[in-house]
Amino acid sequence: MRTRRLTFAKTLTTGLVIAIVVVQVYPLAWLLVTSLRPAQDFAAGNPFGLPSSLTLDNYARAFAMADLPQYILNSFIVTAASSALIVFLGMMGAYALQVLGFRGSKVVLGLFLIGIIVPVQVALVPLFVNYARVGLLNTYQSMIIPLVGFALPISIYLFTSFFQYIPRETYEAASLDGAGPYRIFFGITMPLSTNTVVTVVFVNGIFIWNDFIFANTFVFTEGLKTIPLGLQNFIGAMGSVDWTATFAAVCVTVTPLLLVFLVLNKAIIYGLESGSTKG
């Protein structure tokens, strides 16, 4: 009887995992196939059916309709700069709160965690007004600053959760050897945090790469548009859309994230586990 229950539970679990994988993978597979489907075939036939033939014309039209390389470059600049600042500031903030410690550090950490629930929309008008006063509108900085600010709370929390499992004896031994706070940070804490750094970069990088609200609010010129904002160019007059070219453009823009995830997936998973359980 017990064996039957275990077999049934195992079968049910396997079925659920397969169903979840199908739900997750099917949209990506459909997106790729549709991006290779002739436009006439997509418009005339079943959009969810198998294509009668495959073509690369959609990708050619996608690059002709919009400056995709420039959008990708802009997104890369914003994502790389924001991620670097998030990691550096988040790690140093968590180091001060968890490792060095000071009176009221728990209160400060609580304030950072409260920042997680603050919606970004409440900051748009104040930021726009202040950017206009200091001349930061329509710049990379206008997107990077709020992206870093709103990502810091969760990043500090992840680093703090990881730092609390680093043995205190490690820091004490380094202090006895004459190492100061900065030397300990760069020589011990930072090297031990590699997997957590990868996790923080990837988790925040997804939202930064796909950010629309800050780019749409603070950027006006074509040369500074990021990918989500640039994809608006595929909407034509009266709301008409070249769907197959749009799907091709989306495939081009999501490919970097997929490649990064495939390369770093083990480090990302380990970083999440170490940040929530132990180092």
Percentage of Cα-Cα pair distances in region 1-112 greater than 20 Å, rounded to whole percent? 72 percent
When the convex hull of the Cα atoms of the chain is projected onto a plane and the area is averaged over all directions, what value comes out in nm²? 22.2 nm²
I need the peptides 171-183, 208-220 ranked by packing, meaning the mean over residues of other C-beta atoms within 10 angstrom, with the highest value on top. 208-220, 171-183
How much length would be gained if the chain were fully extended between TYR182 and LEU111, taking 0.36 nm per residue of separation minus their Cα-Cα distance, in nm to one decimal? 23.1 nm
Checking the a/c ratio against 1.5 first, then a/b against b/c, what shape does the Cα gyration tensor give for region 171-266? prolate
With every protein chain in place, region 3-154: carbon and sulfur % of accessible area (1.4 Å): 74 percent
Mean separation of Cα contacts under 8 Å (6+ apart) over length of region 140-268, as relative contact order %: 29 percent
Do you know the relative contact order of the chain, to the nearest whole percent, from alpha carbon pairs under 8 angstrom that are 6+ apart? 31 percent
For helix 140-163, what angle does its Cα long axis make with the longest principal axis of the chain, in degrees from 0 to 90 and rounded to 10? 50 degrees
Ellipticity estimate at 222 nm from DSSP helix runs (n ≥ 4, -39,500 (n - 2.57)) divided over the chain, nearest 500: -22500 deg cm²/dmol
With a 10 Å radius around each residue's Cβ, average the other Cβ atoms per peptide and rank 86-96, 149-159, highest first. 149-159, 86-96
On average, how much accessible surface per residue is there in the chain, in Å², for a 1.4 Å probe, leaving out ligands, DNA and RNA? 58 Å²
Rounded to two decimals, what is the ratio between the C-alpha radius of gyration of region 49-203 and 2.2 N^0.38 Å? 1.42
List the relative contact order of region 26-152 as a percent without decimals, with contacts defined as Cα pairs under 8 Å and 6+ residues apart. 23 percent
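The values are calculated or read from the model by the stated rules, or taken from the named source; none is laboratory data. What you are looking at is a predicted structure, and each value in this text was computed from that prediction instead of being measured. Reconstructed Cβ throughout: ideal geometry from the backbone, glycine too, with neighbour counts over all protein chains shown. Accessible surface areas use protein heavy atoms only, side chains included; no ligands, DNA or RNA. Shrake-Rupley method; radii C 1.70, N 1.55, O 1.52, S 1.80 Å.
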